[in-house]
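Working notes for the structure below.
The values are calculated or read from the model by the stated rules, or taken from the named source; none is laboratory data. Here the structure is a predicted model, which is why all the values come from computation and not from measurement. Neighbour counts are summed over all protein chains in view; Cβ atoms, including those assigned to glycine, are modelled from backbone coordinates with ideal geometry. Just the protein is used for accessible areas: all its heavy atoms, side chains included, with ligands, DNA and RNA removed. Shrake-Rupley method; radii C 1.70, N 1.55, O 1.52, S 1.80 Å.
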Amino acid sequence: MDISEIRKYLPHRYPFLLVDRVVELKLGESIVAYKNLSINEAFFQGHFPEQPIFPGVLLLEAMAQAAGILGFKSKDKTPQDGSIYYFVGADELRFKRPCVPGDRVMLRATLLSERRGIAKFSVSSDVEGELAASATILCAER
């Protein structure tokens, strides 16, 4: 999926759209996407100017957005239909390496379960095969 199609499945827009491309999608199962980090991103101006690092909360949000695309595409729903996923929880969150300008951050999500509108995903991110972060997240469909 290119950015035009991604925008159909996520309600986010600049500067909060954190998925640049989807490279693999298995409906109802898993997704692989990426975010290219550029020094021109606004958050690098303050986090931290002398040693810019992609904020961990935004890395978690990027993984959640990838999971959201998986959920929306799997159910053939879009925000334009009135559907939305809310990020409602994270467990076992671990950050293993900082992500910096110039990195291509691979975003991975696997659907673990779904009950009563609550989807549970295993998410992770890596740069050049090195784990950056991982978590189990919950998203609620409304």
- Task: Go through 92, 41, 24, 61 for me and flag whichever is of a type in the set (Asp, Glu), more than 15 Å from the chain's Cα centre (by Cα) and on the phi < 0 side of the Ramachandran plot.
- Result: 41
- Message: Return the pair list, or none, for Cβ contacts closer than 6 Å from residues in the range 7-18 that are under 14 Å from residue 76 (Cα atoms) to residues that are of a type outside the set (S, T, N, Q) and part of a loop (DSSP other than H, G, I, E, B), at least 6 apart or on different chains.
- Response: none
- Test set (1) under 24 Å from residue 48 (Cβ atoms); (2) of a type outside the set (D, E, K, R); (3) open to solvent by 90 Å² or more (accessible area, probe 1.4 Å) - residue 80 fails condition number: (1)
- Restricted to the range 24-40, and to residues that are surrounded by 12 or more Cβ atoms within 10 Å (Cβ to Cβ) and among the hydrophobic types (A, V, I, L, M, F, W, C), which residue is farthest from residue 60 (Cα to Cα)? 27
- Scan of the range 44-63 for residues that are open to solvent by 10 Å² or more (accessible area, probe 1.4 Å) and more than 14 Å from residue 98 (Cα to Cα), ordered by number: 45, 46, 49, 50, 61
